[in-house]
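One structure is given below, encoded as structure tokens.
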Amino acid sequence: MIVSIVHRITGDGMATVGTVVLVWWLAAISGGAASYATFQHVFMEVWGGAIGYLFGIGLTLSFFQHLATGIRHFVLDVGANYELKSNRAGSIATMVFSVLATVAFWAYLTMVK
């Protein structure tokens, strides 16, 4: 039950927060150098870049959680994984996968940097 609710929350969160940040970024690009500098300042310099990392990591975690629960829901729609133990294991696996995938993704980004 909680996995289904988290699936909806992450989908809505990505749609809302991601759209707002994307529109702000596009407006900053089209607004010129001063507008883009303001956007960059907020996301990369305020509180040592914590705001940018918070949005980035949050959206990444939401993406991987939404992906994993979407695959889980697909498996359930096929008619598999309705046994209580395997269903519970699948629920836990989606949570673990999303955290591990987010950590791996951001570790990769810091190594490439």
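For segment 10-53, the candidate set comprises residues that are touching a residue at least 12 places away in the same chain (Cβ under 8 Å) and of a type in the set (V, I, T); within that set, the residue that is farthest from H66 (Cα to Cα) is V21.
Exactly one residue out of T110, T102 is of a type in the set (S, T, Y) and over 28 Å from I2 (Cβ atoms), and it is T110. Entry remark, segment 90-113: residues being surrounded by 11 or more Cβ atoms within 10 Å (Cβ to Cβ) and not in a helix (DSSP H, G or I) number 0 in total.
Would it be correct to say that S86 is among the hydroxyl-bearing types (S, T, Y), within 20 Å of G13 (Cα to Cα) and free of Cβ contacts under 8 Å to residues at least 60 places away in the same chain? The answer is no for S86.
The set of residues in segment 47-77 that are among the aromatic types (F, W, Y) and exposed (fewer than 14 other Cβ atoms within 10 Å of the Cβ) comprises W47, F74. The residues on offer are V17, V21, and the sole one that is surrounded by 16 or more Cβ atoms within 10 Å (Cβ to Cβ) and within 17 Å of the chain's Cα centre (by Cα) is V21.
Values in this text are rule-based calculations from the coordinates and carry no lab data. Bear in mind the structure is a predicted one, so any value in this text is a computation, not a measurement. In this analysis, Cβ positions are derived from the backbone assuming ideal geometry, glycine residues included, and neighbour counts consider all displayed protein chains.
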